[in-house]
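The values are calculated or read from the model by the stated rules, or taken from the named source; none is laboratory data. Given the structure is predicted, the values throughout are model-derived calculations rather than measurements. Note that we place each Cβ from the backbone using ideal geometry, even for glycine, and neighbour counts take in every protein chain shown.
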Amino acid sequence: MNPVAPFAHEALFYRDEDGFLTGTAGFVADGVEAGEAVLVAVPEVSIAPLRERLGGAADLVHFIDMTEAGRNPGRIIPGVLMAFSASTRRRFRMVGEPIWPGRTELEYPACVQHEALINAVFEGRRGVILCPYDAGALPGHVLDDAKRTHPVVIDGERRVASEWYTDPAGLADIYNVPLPPPPLGAEEHPFTVGTLAHVRKLVAAFAHTLRREEVEDLVLAVNELATNSVLHASGRGMLRMWREDGTVVCEVSDSGTGFPPSFTGLAGFGIVMVNLLCDLVRTHTSHSGTTVRVYLGR
């Protein structure tokens, strides 16, 4: 593949393992032969077959299990893709599969926002990202969204410009959807600048069922969100906490307009840090305020 623009973002529709291997192995091998820095971030089950298909070329490729590194879609751009591209001065080539069968409805809006934002974040950079989609198992609306988030779609022997491609900021805003309401038994704690230390203690006590390092990560994440509410909203906010099947969920809401949905997870170091620390981060911003919900222990 020889993209004309400095950066290219392409979707690969495959329907079985052979289709996946045929579509990705050639792409990866071309990058290795060209001396590019090559990353493959896909579910672990696909890594061994791809290594075998690549043969000796696999030794020059960096592999990552996307179900682990990308379980939080908001972590993929800063923690996987940008981290890899920043580690080299060479042109980069990456395979990234952020949406696979088993992704939940709760995660999906963040996945689409991630795919849309790649086009804005990497615009003008020297590289190409290929995103495989299991067209035999994923619902039709997921494939439709892939056509909206990728300027080029590869389906079998066909490689075409997507007529459905949509402005990244606009599509990210479409998926700025309201979050499901908290359960009736959720704890609620209003906070101000004078009670931030108390908020940290509340979170640590509530999350005691998690591992110690997870508790520390959650406290740090919630403190960052609460501090943002104090500094950039009305000086106050609301913390809600509950559990979902062993997962600890913390939600921080305020009356501020927050950061634009098109920059969710990329608006500043603090928000990037929250995404890197948590298993899932969901955000909803409206004219009445901003809500950020974080999950840990999933």
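For region 37-53, the tally of residues that are in contact (Cβ under 8 Å) with a residue 40 or more places away in the chain, buried (at least 20 other Cβ atoms within 10 Å of the Cβ) and not polar (S, T, N, Q) stands at 6. Looking across region 9-51, the residues that are in contact with a helix residue (DSSP H, G or I) (Cβ under 8 Å, 6 or more places away or on another chain), part of a helix (DSSP H, G or I) and among the aliphatic types (A, V, I, L, M) come down to LEU21, ALA25, VAL28, ALA29, VAL32, LEU50.
One residue alone among GLY56, GLY102 is out of contact with any strand residue (DSSP E or B) (no Cβ under 7 Å at 6 or more places or on another chain), exposed (fewer than 15 other Cβ atoms within 10 Å of the Cβ), assigned by TED's automatic domain parsing to the domain that holds GLY127 and at pLDDT below 95, and that residue is GLY102. Being of a type in the set (S, T, N, Q) and more than 23 Å from the chain's Cα centre (by Cα) is a condition met by at least one residue of region 8-30.
Once region 116-152 is narrowed to residues that are out of contact with any Leu (no Cβ under 8 Å at 6 or more places or on another chain), assigned to a strand (DSSP E or B) and of a type in the set (A, V, I, L, M), the residue that is surrounded by the most Cβ atoms within 10 Å (Cβ to Cβ) is VAL128. Scanning region 82-104 for residues that are in a loop (DSSP other than H, G, I, E, B) and either closer than 19 Å to LEU50 by Cα or without any contact (Cβ under 8 Å) to a residue 24 or more places away in the chain (or both) gives ALA86, ARG89, GLU97, PRO98, ILE99, TRP100, PRO101, GLY102, ARG103, THR104.
Before we move on, is ALA169 part of a helix (DSSP H, G or I), touching a residue at least 24 places away in the same chain (Cβ under 8 Å) and surrounded by fewer than 17 Cβ atoms within 10 Å (Cβ to Cβ)? When the stated conditions are applied, ALA169 passes them. Inside region 245-279, can you point out the residues that are at pLDDT below 85, buried (at least 21 other Cβ atoms within 10 Å of the Cβ) and among the polar types (S, T, N, Q)? Within region 245-279, THR264 is the sole residue that qualifies.
For (1) out of contact with any Pro (no Cβ under 7 Å at 6 or more places or on another chain); (2) of a type in the set (A, V, I, L, M, F, W, C); (3) touching a residue at least 60 places away in the same chain (Cβ under 8 Å), each residue gets a yes or a no:
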{"site": "LEU138", "(1), (2), (3)": "no, yes, no"}
{"site": "ILE154", "(1), (2), (3)": "yes, yes, yes"}
{"site": "ALA161", "(1), (2), (3)": "no, yes, no"}
{"site": "ASN176", "(1), (2), (3)": "no, no, yes"}
{"site": "PRO190", "(1), (2), (3)": "yes, no, no"}
{"site": "GLY194", "(1), (2), (3)": "yes, no, no"}
{"site": "VAL199", "(1), (2), (3)": "yes, yes, no"}
{"site": "ASN223", "(1), (2), (3)": "yes, no, no"}
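Name the residue that is farthest from the chain's Cα centre (by Cα), counting only residues in region 178-192 that are outside any strand (DSSP E or B) and surrounded by 13 or more Cβ atoms within 10 Å (Cβ to Cβ).
Applying the first criterion (outside any strand (DSSP E or B)) to region 178-192 yields 178-186.
Still in the running and surrounded by 13 or more Cβ atoms within 10 Å (Cβ to Cβ): 179, 182, 186.
On the way: LEU179: 17, PRO182: 23, ALA186: 26 Å.
Only one residue fits best here, namely ALA186.
Scanning region 193-221 for residues that are acidic (Asp, Glu) and surrounded by 15 or more Cβ atoms within 10 Å (Cβ to Cβ) yields GLU214, ASP217. Scanning region 280-298 for residues being part of a loop (DSSP other than H, G, I, E, B) and modelled with pLDDT of 95 or more gives a total of 0.
Condition (residue is in a strand (DSSP E or B), over 27 Å from PRO109 (Cβ atoms), without any contact (Cβ under 8 Å) to a residue 60 or more places away in the chain and of a type in the set (A, V, I, L, M)) applied to region 55-69: is it met by at least one residue? Checking region 55-69: at least one residue is in a strand (DSSP E or B), over 27 Å from PRO109 (Cβ atoms), without any contact (Cβ under 8 Å) to a residue 60 or more places away in the chain and of a type in the set (A, V, I, L, M).
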